[in-house]
Amino acid sequence: MDLGIISVRYARALLKSATQIGIENQIYNEAQRISESYVQVLNLRSTIENPMLSKDTKLHLLITASGGKGISDLMLNFLKVVLKEGREAILQFMAMSYITLYRKQKRIIRGKLTTAAPVTPCIKSKMQKVVEAKTQGTVEFITEVDPDIIGGFILEYDTYKMDASVKSKLRSFLSQLKK
């Protein structure tokens, strides 16, 4: 059976349960923490998949990875089911599937603003509002500093990319000179 199909089924069930009891936002945050834990702690996957570890030890590690003792009862029960069914190897995919389904349900897109120097919160807020007006949805907006672009900015969201950086303008100018 396809791991993607399995992880999406688990994520759908989790989202449906979370929505019914009104804690889908909390589960979203916990799923993000699980996903981030897999990225930040490189040995987490191999540790969780280790057949020598007891399910209780794995559960304790997963509770820690999802936010510690303050996690929701729903997430705790979900982790127990995942371990009981022996699906811990695809838990990261389940968390990422939940995040994707949640964003789709709430009409949330990710946006990124890359600049040569740090931007003020005011500028970030204005750019976020521009993207939200264009997409008519909510935007999870992050900023990144990349001195290599020299100046200007690169705005990315959904499948849209606007490169108004000095670096791209210089590259365009150079290619026109070569013609």
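The values are calculated or read from the model by the stated rules, or taken from the named source; none is laboratory data. The shown structure was predicted, so the numbers you read here are calculated from the model rather than taken from an experiment. Cβ atoms come from the backbone with ideal geometry, glycine included; neighbour counts cover every protein chain shown. These area figures cover heavy atoms from the full protein model, side chains too; ligands, DNA and RNA do not enter into them. Shrake-Rupley method; radii C 1.70, N 1.55, O 1.52, S 1.80 Å.
How large is the helix-only mean residue ellipticity at 222 nm for the chain, computed as the sum of -39500 (n - 2.57) over DSSP H runs with n ≥ 4, divided by its residue count, in deg cm²/dmol to the nearest 500? Write out the running numbers ahead of the final one.
Working: 8 runs with 109 residues, N = 179.
The helix-only estimate for the chain comes to -19500 deg cm²/dmol at 222 nm.
Please work out the FRET efficiency for the pair Ser172 and Thr19, using the Cβ-Cβ distance as r and a Förster radius of 35 Å; give the result to the nearest 0.05. Please report the intermediate quantities before stating the final value.
On the way: r = 47 Å, r/R0 = 1.35.
Efficiency at R0 = 35 Å is approximately 0.15.
Among Ile71, Phe153, Val39, whose Cα projects farthest towards the positive end of the dipole of the chain, with charges put on the beta-carbon of Lys, Arg (+1) and Asp, Glu (-1)?
The Cα lying farthest towards the positive end belongs to Phe153.
Tell me the Kirkwood hydrodynamic radius of the chain in angstroms, computed as one over the mean inverse distance between distinct C-alpha pairs. Display every interim value, and only then the final one.
Values: mean 1/r = 0.0534 Å⁻¹.
By the Kirkwood definition, the hydrodynamic radius is 18.7 Å.
For a test of the definition: using alpha carbon positions, the gyration tensor, and the 1.5 limit on a/c, classify segment 25-93 as rounded, prolate or oblate.
On the way: a/c = 1.70, a/b = 1.24, b/c = 1.37.
Because a/c hits 1.5 or more and a/b fails to exceed b/c, segment 25-93 counts as oblate.
What is the local net charge at Tyr157, summed over the other residues whose Cβ is closer than 11 Å to its Cβ (Lys, Arg +1; Asp, Glu -1)?
On the way: positive: Arg110, Lys112, Lys134, Lys161; negative: Glu132, Glu140, Glu156, Asp158.
That works out to 0.
Which three numbers, in whole Å and largest first, are the semi-axes of the equivalent ellipsoid of segment 108-176 derived from its Cα gyration tensor as √(5λ)?
On the way: eigenvalues 107, 39, 14 Å².
The equivalent ellipsoid of segment 108-176 has semi-axes of 23, 14, 9 Å.
Just to confirm, what accessible area per residue do you get for the chain at 1.4 Å probe, in whole Å²?
For the chain, the per-residue accessible area is 62 Å².
So how much accessible area does Leu44 have, in Å² to the nearest 10, using a 1.4 Å probe?
Accessible area, nearest 10 Å²: 20 Å².
Taking the Cα centre of segment 28-155 as origin, work out the dipole magnitude from +1 charges on Lys and Arg Cβ and -1 charges on Asp and Glu Cβ, in debye rounded to 20. Please report the intermediate quantities before stating the final value.
On the way: 18 positive and 12 negative charges, 92 e Å.
Once rounded to the nearest 20, the dipole reads 440 debye.
Using modelled amide H (1.01 Å from N, peptide plane; none on Pro or chain starts), what sits under 5 Å from the amide H of Thr143, excluding residues fewer than 5 places away?
Here Leu113 satisfy the definition.
What number, in percent, do you get for the relative contact order of the chain if the mean sequence gap of Cα pairs under 8 Å and at least 6 apart is divided by its residue count? The partial results should precede the final answer.
Details: 199 pairs, mean separation 37.0, N = 179.
Taking the mean separation of contacting Cα pairs over the length of the chain, I get 21 percent.
If I compute solvent accessible area with a 1.4 Å probe over the protein chains, what percent of it on the chain is carbon and sulfur?
Details: 6190 of 11060 Å².
Result for the chain: 56 percent of the exposed heavy-atom area is carbon or sulfur.
Quick one: helix 91-106 against the long Cα principal axis of the chain, what's the angle to the nearest 10°, folded into 0 to 90?
For 91-106 against the chain, the angle is about 60 degrees.
Go through segment 10-23 residue by residue and turn each phi into a ³J(HN,Hα) via Karplus (6.51, -1.76, 1.60, θ = phi - 60°); whole Hz please, and just put x for glycine and proline.
Running phi through 6.51 cos²θ - 1.76 cosθ + 1.60 with θ = phi - 60° gives 4, 5, 4, 4, 5, 5, 4, 5, 5, 5, 4, 9, x, 10 Hz.
Tell me, what HN-Hα J-couplings in whole Hz come from the Karplus equation 6.51 cos²θ - 1.76 cosθ + 1.60 at θ = phi - 60° for each residue of segment 108-120, using x for Gly and Pro?
Result, ordered by residue: 10, 10, 9, x, 9, 10, 10, 9, 6, 9, x, 9, 6 Hz.
May I ask for the angle, rounded to the nearest 10°, between helix 24-40 and the longest principal axis of the chain, with both axes built from Cα atoms and the value confined to 0 to 90°?
80 degrees
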